[in-house]
Amino acid sequence: MKIPRIVILTGAGISAESGLATFRGSDGLWEGHRVEEVASPEGFAANPALVYEFYNRRRAALRTVCPNAAHEAIARLQAAWGERVLLVTQNVDDLHERGGSSQVLHMHGELLRVRCMDCDRAHRWQDDLDETSRCPACKAVETLRPDIVWFGEMPYFMDEIQEALTQADGFVAIGTSGNVYPAAGFVQMAARCGATTVEINLEPSQNASLFDLRHSGPATVEVPRWVERMLDSSSAALPRIKPLPPWRSGS
Ligand code: OAD
C-alpha cells in the first residue's frame, strides 16, 4: 500500500471540546474584546497591559484543559505514517503536543512562547508576562511580547507549508471557519495541485463548497473515525472525486 502525503490544518474547533473557546462567537467578540484590541500590533502599542493580561489568562487556562480524542487520533496517524503527515495548526494552545503529536507547525504562534522585540529571539514561557519581564537572551526589559502572530503580521512556516501543499495527495481542514487568510486559501492551493480535500467541522464552514468531501459533526467523533479509515485503507479514505470541482475544470 502506498501511503499518501497528507497536510492536516486544524483550527479552534478541534480544541473546543477540551474547553477552549473558539474565536468567532455570535457576538463577534473574542472573550469580550474586539479582535483588534488584543490581536494586532496597534492594539499592543495602545494598551500593552491589557494585551499581556489577555494572554496571561489564556496561558493560565491551558493548565485547566486536556487534549481530546481528536488530538490523540491525529497523533496516532502521525506515529503510523511519520513524515508523510504534516500537521499545521492555527491554534496557539499546546493540545496537539500533549495529545502525542511530535511535529506541529504553529503558524499563528504559541501561547507558551514569548518573543523579544529587541533581539528577535523566542523563548518557552510558562508564567505571566508583563512590562517588567526580562528577555532571557539579551536581558532587556519592556521588550517581550507573546509569540502570537497578530493581524497584519506574517504567519510562520509559510514556505514549508506551501511546499507540502503542492506535494500533498490529501488536504484535511478540521474545526476552522475559513475566515482568516492565508490558511483559508490552503484548500484551493492543495486542490490546484491535485490533492483530494476534506473538511471536518461541526457545521459547514464558509469555505465548505471548496472541499471534495465533508464530514459534519464534533471533532472528537469525526476525527478518530476519519483516522481509523485512513489507517485501514488509504485508498478508501481518500477516493478521487469525479467530476472535477468547478475551480479545477478550467472554466
Ligand atoms: P473560528 O472560531 O473562526 O472557527 C472555529 C470553527 O470550529 C467553526 O467553523 C466551528 O463550526 C468549528 N467547531 C466548533 N466546535 C467544533 C467541534 N466540537 N468540532 C468540530 N468543529 C467545531 O476559529 P479558527 O478558524 O481557528 O488567529 O480561527 C482562525 C484564526 O482566527 C485563529 O487562529 C486566530 C483568529 O483570529 C490569530 O490569532 C492570528
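The values are calculated or read from the model by the stated rules, or taken from the named source; none is laboratory data. Predicted, not measured: the structure shown is a model, and the values here were computed from it. Because the Cβ atoms are built from the backbone with ideal geometry, glycine has one as well, and the counts that use them run over all protein chains shown. With ligands, DNA and RNA removed, areas are computed over all heavy atoms of the protein, side chains included. Shrake-Rupley method; radii C 1.70, N 1.55, O 1.52, S 1.80 Å.
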Seminar exercise, completed: Quick calc, region 84-160, dipole around Cα centre from Cβ unit charges on Lys, Arg (+) and Asp, Glu (-), nearest 20 debye, gives 260 debye
Seminar exercise, completed: In whole angstrom, largest first, the equivalent ellipsoid semi-axes that the Cα gyration tensor gives for region 133-195 are 34, 13, 9
For this session: With a probe of 1.4 Å, find how much accessible area the chain has per residue, and write the answer as a whole number in Å².
Result: 47 Å²
Problem set entry | Bins of 5 Å, starting at 0 and running to the largest distance - Cα pair percent for the chain | 1, 6, 13, 17, 19, 16, 11, 8, 5, 3, 1, 0
Exercise. If one computes the Cα centroid of region 104-143 and of region 1-64, what distance in Å separates the two points?
Worked result: 17 Å
Problem set entry | Surface share of carbon and sulfur [accessible, 1.4 angstrom probe, percent] for the chain | 51 percent
Exercise. P(r) for region 78-227: what percent of alpha-carbon pairs falls in each 5 Å bin, starting at zero?
Worked result: 2, 9, 16, 19, 19, 14, 9, 7, 5, 2, 0
Exercise. In deg cm²/dmol, rounded to 500, what helix-only [θ] at 222 nm does the chain give when every DSSP H run of at least 4 residues adds -39500 (n - 2.57) and the total is split over its residues?
Worked result: -8500 deg cm²/dmol
For this session: Write down the percent of antiparallel bridges among all DSSP beta bridges whose residues are both part of the chain, to the nearest 5.
Result: 30 percent
Exercise. Which of ALA61, THR143, ILE3 sits farthest toward the positive end of the charge dipole of the chain, with +1 on the Cβ of Lys and Arg and -1 on the Cβ of Asp and Glu?
Worked result: ILE3
Problem set entry | Scaled radius of gyration (Cα, divided by 2.2 N^0.38 Å) that region 190-231 gives | 1.20
Seminar exercise, completed: Measuring from its Cα centre, the chain shows a charge dipole (+1 at each Lys and Arg Cβ, -1 at each Asp and Glu Cβ) which, in debye to the nearest 20, is 820 debye
Exercise. Rounded, prolate or oblate: which fits region 37-90 when a ≥ b ≥ c are the square roots of the eigenvalues of the alpha-carbon gyration tensor, with rounded for a/c under 1.5 and prolate only if a/b beats b/c?
Worked result: oblate
Problem set entry | Exposed-site-free run, longest, the chain (rule: chymotrypsin sites (Phe, Trp or Tyr not before Pro); DSSP loop; at most 15 other C-beta within 10 Å) | 1-150
Exercise. So for the chain, taking the charge dipole from beta-carbon charges (+1 Lys/Arg, -1 Asp/Glu), which of LEU112, GLY152, GLN90 sits furthest toward the positive end?
Worked result: GLN90
